[in-house]
Amino acid sequence: GYTIIQTLIQDKYLILLSNDTWVTYDVPSLTKVAHVPTPLDAQHGTPEHREDLSNIHQSKGFVEVEEGDIVFDVGAYIGTFSMFAAGYADTVISIDPYASVSSCLEKNTAEFNNIKVLPIACWDRTTTLELNLSKTPNENSILDTDAKSFDSGEQVDVRADTVANIAKEKDIEKIDFLKLEGEGVEPEILEGALGENVTIDKISIDCSPERSGDTPTN
């Protein structure tokens, strides 16, 4: 499932998969707010996949990428969500450790002047991490890859830093929209995002069961 949070202290919403439909709830009252169809199995990077991700990671009227936003796309992979967000945002910081070993993200987003690619991993501190490579690169992870049968057996060292530090380095005091898809390590990334020197208005978090078979909320 996916958890979408708007305004950390105030309004909170939860999106869960129910009967092939993403159902949005207002957490305090558990009132259904919106329904989004389950995304298609579209090929990564296609217009169909771009539309799927825009439906998953935003809901019009309360959590969406808006004109002039500063967007952090953490776990950008080949840039599908970044390319969608770039059509609205002022700036998209597109972050993915796989970009340190593949040029796909840079090539896909090269035509967008408002996308800045960072080939690093987001984490809860500044360090170097070992990225486990999958035969299907969208499953690369700091943790074990999801399916052992697709584990390539290869690892690469990647530089890691916090979202808050990255924002500070770029003189960004407010992130309008944080999209977070970390293959199971979302809690560590979120902890590093909530620094003292940066405000985050809207957050969309992938909560798929990729943390040793559990969701990162467990």
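Observations, loosely collected:
- Selection status of Thr109, in contact with an Asp or Glu (Cβ under 9 Å, 6 or more places away or on another chain), under 26 Å from Asp201 (Cβ atoms) and of a type outside the set (A, V, I, L, M, F, W, C): no
- Matching residues in segment 75-90 - criterion: being open to solvent by 10 Å² or more (accessible area, probe 1.4 Å) and on the phi > 0 side of the Ramachandran plot: Gly75, Tyr77
- Of the criteria (1) closer than 22 Å to Ser54 by Cβ; (2) part of a loop (DSSP other than H, G, I, E, B), which one Ile189 fails: (2)
- Residue in segment 181-202 that is among the hydroxyl-bearing types (Ser, Thr, Tyr) and under 12 Å from the mean Cα position of the chain (by Cα) present: no
- Selection over segment 77-92 of residues that are under 11 Å from Asn108 (Cα atoms) and aliphatic (A, V, I, L, M) gives a count of 2.
- Taken as a whole, segment 51-68 holds no residue that is open to solvent by less than 60 Å² (accessible area, probe 1.4 Å), outside any loop (DSSP other than H, G, I, E, B), within 21 Å of Thr199 (Cα to Cα) and modelled with pLDDT of 95 or more.
For (1) on the phi < 0 side of the Ramachandran plot; (2) modelled with pLDDT of 90 or more; (3) open to solvent by less than 10 Å² (accessible area, probe 1.4 Å), each residue gets a yes or a no:
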{"residue": "Gln155", "(1), (2), (3)": "yes, no, no"}
{"residue": "Arg159", "(1), (2), (3)": "yes, yes, no"}
{"residue": "Glu169", "(1), (2), (3)": "yes, yes, no"}
{"residue": "Asp176", "(1), (2), (3)": "yes, yes, no"}
{"residue": "Gly182", "(1), (2), (3)": "yes, no, no"}
{"residue": "Val185", "(1), (2), (3)": "yes, no, yes"}
{"residue": "Glu196", "(1), (2), (3)": "yes, no, no"}
{"residue": "Thr199", "(1), (2), (3)": "yes, yes, no"}
{"residue": "Thr217", "(1), (2), (3)": "yes, no, no"}
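- Within segment 88-114, the residues that satisfy the criterion of being within 15 Å of the chain's Cα centre (by Cα) and of a type in the set (A, V, I, L, M) are Val92, Ile93, Ile95, Ala99, Leu105.
The values are calculated or read from the model by the stated rules, or taken from the named source; none is laboratory data. Quick caveat, the model's predicted, so the values are computed rather than measured. So basically every Cβ, Gly included, is an ideal-geometry build from the backbone, and we count neighbours across all protein chains shown. In case anyone asks, the SASA skips ligands and DNA or RNA and just uses the protein heavy atoms, side chains included. Shrake-Rupley method; radii C 1.70, N 1.55, O 1.52, S 1.80 Å.
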